[in-house]
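To start, the structure under review is shown below, and the notes come after it.
The values are calculated or read from the model by the stated rules, or taken from the named source; none is laboratory data. Remember, it's a predicted structure, so these values are computed and weren't measured experimentally. Every residue, glycine as well, gets a Cβ built from its backbone with ideal geometry; the counts of neighbours run over all protein chains shown.
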C-alpha cells in the first residue's frame, strides 16, 4: 500500500525535553532496556492490522535521528514515515504534524512517545471506535484515588473543602483518535494553546469525544520512578523491588596519549586526566549503580585521591561497586551509558566495549555515543562526558 492509500495516520509527539526525567537528552531518546522510548512507541504500530502513516514531532535538530529510529522500529511493514520539527508546546507539535498528513488519511491518532508500552490492542480499539462513531475517542482508566478539592497552599497549610465524586472521572491516556477533518478544524479554531491534550482542543471546538477502555501499561513515563516501573515490567521483575540510578562523569583531556575508555585501550588517542585511569564510562557506571542502591558515589567508596588507586583501572571500581550492591541486597539488572564527545570514533568498537563492561557488571551494558555540535567542553574537543543509567533489583533484605 502506498503512502497515499493509508487512511490512518499516527502522530507521535516526541518533542519533550524530559527535564523531570533527569536525563541530558530529549525524553523520546532516553533508553528503556536497550531501546529508546520513541522506538518502543513506534514499534507497536508495526503490529497493526493495516499500514498507517507515522509522523513524528521531534525536537528541533533531531528530525533525521527521529525518522531513522521510526524507520528501524517499523522494520519491513509498509508504513509511510516522516518527521517534523516539534514546537515548544504540544499544541505547536501537533499542528506541525497535521500539515504533513497524506491526502488519503481520514482518521488521525495522536500518541505520546512517553506512553511507549501502550499495547497494540488499545491502538486498534481507538481506530475502530473512531471509524464506527465518526467522533473523537480517548482511552482511559477509572480514577481509583480519592480526589480532594483544597484551598490555600498545595504542599502545606492547605484546607480540604470537598471530595470529588470519582465515579464520573477518567484518567485519560493516548493514543487519542479523531476524524481528520474535524481535528484540523478544531486546531484551526483553537484560540489558546493551553489545552493539555488533543481531546481538549476537540471538545473546545464543539465536537464530541467518546471514551474506550485503556490499559494499565499505557502510563506516561515522566519521572525516574516511572522509568523504573517500565523497566520492571519489561524485565519481568517486581517494580517495587526495582530501583534506577542516573549519573554523569566528565574528564578533560590530558596532554599525553594513551586513552582508557569503556574498558578499552586507545593508544593513539589523548588520555583523560584523572587520579585513576580516567575511564569516564566506568566511573559514570559506578556512580549510577551506587545511586540506584542508595550507596552514595565513587568518591565516598574509594576516595578521590587515595594513593592506592593512582592509575587504577575502572574495572577495580566497577567490581567494587557491584560487591557493595550485593552486600546491600541488590543485583544489577542492566546499565546504559552514552558517551558525549568528538573522539574517539566509537562505533567500530562498541560491541567489544559492551562485552567487557557487561563482564565487570555481571549484567547487560548498552553503550551509545553522540556529539554536541561544537558546544561546550566536549564539543570543543577538550574532554569527554558520560551519562549512565543503572537498573538494580533488591533480591534480599538489606544488611541495615
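Screening 274, 236, 200, 206 for residues that are exposed (fewer than 15 other Cβ atoms within 10 Å of the Cβ) and more than 23 Å from the chain's Cα centre (by Cα) leaves exactly one candidate, 206.
Residue 243 falls short on exactly one of the conditions (1) at pLDDT below 90; (2) assigned to a strand (DSSP E or B); (3) over 25 Å from the mean Cα position of the chain (by Cα), and that condition is (3). Being at pLDDT 95 or above, outside the structural domain of residue 339 (by TED's automatic domain parsing) and closer than 21 Å to residue 372 by Cα is the requirement here; does residue 21 meet it? For residue 21, the condition - at pLDDT 95 or above, outside the structural domain of residue 339 (by TED's automatic domain parsing) and closer than 21 Å to residue 372 by Cα - is not met. Here are the criteria: (1) outside any loop (DSSP other than H, G, I, E, B); (2) farther than 19 Å from residue 124 by Cα. Tell me which single one residue 15 does not satisfy. Status for residue 15: all satisfied but (1).
To keep it simple, each residue is scored yes or no on (1) under 28 Å from residue 234 (Cβ atoms); (2) at pLDDT 90 or above; (3) outside any loop (DSSP other than H, G, I, E, B).
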| site | (1), (2), (3) |
| --- | --- |
| 259 | no, yes, yes |
| 271 | no, yes, yes |
| 274 | no, no, no |
| 277 | no, no, no |
| 283 | yes, yes, yes |
| 304 | no, no, no |
| 312 | no, no, no |
| 318 | yes, yes, yes |
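In region 169-191, the residue that is surrounded by the most Cβ atoms within 10 Å (Cβ to Cβ) out of those that are touching a helix residue (DSSP H, G or I) at 6+ places or on another chain (Cβ under 8 Å) and in a loop (DSSP other than H, G, I, E, B) is 174.
Looking at region 371-378, is at least one residue in a loop (DSSP other than H, G, I, E, B) and surrounded by 18 or more Cβ atoms within 10 Å (Cβ to Cβ)? Within region 371-378 (the criterion being in a loop (DSSP other than H, G, I, E, B) and surrounded by 18 or more Cβ atoms within 10 Å (Cβ to Cβ)), the answer is no, since none of the residues qualifies. Of 94, 149, all but one fail to be touching a strand residue (DSSP E or B) at 6+ places or on another chain (Cβ under 7 Å) and surrounded by 18 or more Cβ atoms within 10 Å (Cβ to Cβ); the exception is 94.
Going by the conditions given, is residue 55 assigned to a strand (DSSP E or B) and not assigned by TED's automatic domain parsing to the domain that holds residue 387? Against the criterion (assigned to a strand (DSSP E or B) and not assigned by TED's automatic domain parsing to the domain that holds residue 387), residue 55 qualifies. Note on region 351-370: residues that are part of a helix (DSSP H, G or I), farther than 19 Å from residue 248 by Cα and under 23 Å from the mean Cα position of the chain (by Cα) amount to 1.
For (1) in contact with a strand residue (DSSP E or B) (Cβ under 6 Å, 6 or more places away or on another chain); (2) modelled with pLDDT under 90; (3) closer than 13 Å to residue 285 by Cα, each residue gets a yes or a no:
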site: 352; (1), (2), (3): no, no, no
site: 355; (1), (2), (3): no, no, no
site: 369; (1), (2), (3): yes, no, no
site: 383; (1), (2), (3): yes, no, no
site: 386; (1), (2), (3): yes, no, yes
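In this structure, does residue 157 turn out to be out of contact with any helix residue (DSSP H, G or I) (no Cβ under 7 Å at 6 or more places or on another chain) and not in a helix (DSSP H, G or I)? Criteria met by residue 157.
Checking region 32-44 against the condition returns no match, with no residue being within 23 Å of residue 185 (Cβ to Cβ), part of a loop (DSSP other than H, G, I, E, B) and in contact with a strand residue (DSSP E or B) (Cβ under 7 Å, 6 or more places away or on another chain). Scanning region 363-385 for any residue that is out of contact with any helix residue (DSSP H, G or I) (no Cβ under 8 Å at 6 or more places or on another chain), in contact (Cβ under 8 Å) with a residue 60 or more places away in the chain and within 23 Å of residue 242 (Cα to Cα) turns up nothing.
When each of 114, 128, 97 is tested for being within 15 Å of residue 16 (Cβ to Cβ), modelled with pLDDT of 95 or more and either outside the structural domain of residue 202 (by TED's automatic domain parsing) or part of a helix (DSSP H, G or I) (or both), the lone residue that passes is 97.
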